[in-house]
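The block underneath contains the structure these notes are about, expressed in structure tokens.
The values are calculated or read from the model by the stated rules, or taken from the named source; none is laboratory data. Given the structure is predicted, the values throughout are model-derived calculations rather than measurements. With ideal geometry, Cβ positions are generated from the backbone for all residues, glycine too; neighbour counts draw on all protein chains shown.
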Amino acid sequence: MTEPSKTWEDDQHCFLCGHLNESGLKLDFGPLEGGTFGTRWTAEKRFQGYADVLHGGIISSILDEVMINLPWKQHDAPVTTAELTVRFKRPAPIGAELVFSAFVVERGRRLWQLRAECRGGDGTLYAEATAKAMAIQFQPYQGPRP
């Protein structure tokens with residue numbers, strides 16, 4: 001196993017947003033209506049935990065990813081998660097469109113404090129998260145584009 005370099009690279013194989021990952025979700029992050037930043041996604045049954053309920057690990061992963069993408073895509077500030085806290089409010093149903101939104105709480109020189117929400121199309125809050133994210137050295141992807 002090789003050690004990761006001190007410079008991070010996006011090779012487009014991220015499970016959540018990598019468009020070259022055949023098994024991934026291929027999420028797109030950007031501005032949403034109302035001036036928020038995030039993504040929309042509808043879970044298939046293969047992502048369930050209990051019957052017809054979206055697995056909490058998937059929700060946690062997408063909340064983390066939306067928070068990491070906010071500084072990167074809107075402020076040209078690549079970061080990585082240093083700490084993540086998730087609170088589940090109610091079960092998220094399989095097959096419902098979910099909206100994941102992220103917000104900046106505080107921005108320091110190297111540390112970002114962020115928060116995110118997972119809501120249904122009707123506004124129901126399913127989960128919320130906070131994160132501390134550290135600035136990283138980033139190398140743009142040099143390989144083929146999807």
Of everything in the range 6-30, what is of a type in the set (Gly, Ala, Ser), more than 16 Å from the chain's Cα centre (by Cα) and surrounded by 14 or more Cβ atoms within 10 Å (Cβ to Cβ)? Give them in sequence order. none
Those residues of the range 21-46 which are in contact (Cβ under 8 Å) with a residue 40 or more places away in the chain and in a helix (DSSP H, G or I) amount to Lys45
For the range 119-126, check the following and say yes or no: at least one residue is among the hydrophobic types (A, V, I, L, M, F, W, C) and more than 14 Å from Val86 (Cβ to Cβ). no
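If you go through the range 8-24 one residue at a time, do you hit one that is touching a strand residue (DSSP E or B) at 6+ places or on another chain (Cβ under 7 Å) and at pLDDT below 90?
Checked against the condition, which is being touching a strand residue (DSSP E or B) at 6+ places or on another chain (Cβ under 7 Å) and at pLDDT below 90, the range 8-24 yields at least one hit.
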What's the total number of residues in the range 102-137 that are among the small types (Gly, Ala, Ser), more than 15 Å from Leu70 (Cα to Cα) and part of a strand (DSSP E or B)? 2
Against the definition (without any contact (Cβ under 8 Å) to a residue 60 or more places away in the chain, within 20 Å of Tyr126 (Cα to Cα), part of a strand (DSSP E or B) and hydrophobic (A, V, I, L, M, F, W, C)), how does Val99 come out, yes or no? no
Qualifying positions in the range 47-80 - aromatic (Phe, Trp, Tyr) and in a helix (DSSP H, G or I): Phe47, Trp72
Please verify whether the range 128-145 includes one or more residues that are closer than 14 Å to Trp41 by Cβ and within 18 Å of the chain's Cα centre (by Cα). no
Just checking, does the range 46-60 include any residue being within 15 Å of Phe103 (Cα to Cα) and touching a Phe, Trp or Tyr at 6+ places or on another chain (Cβ under 9 Å)? no
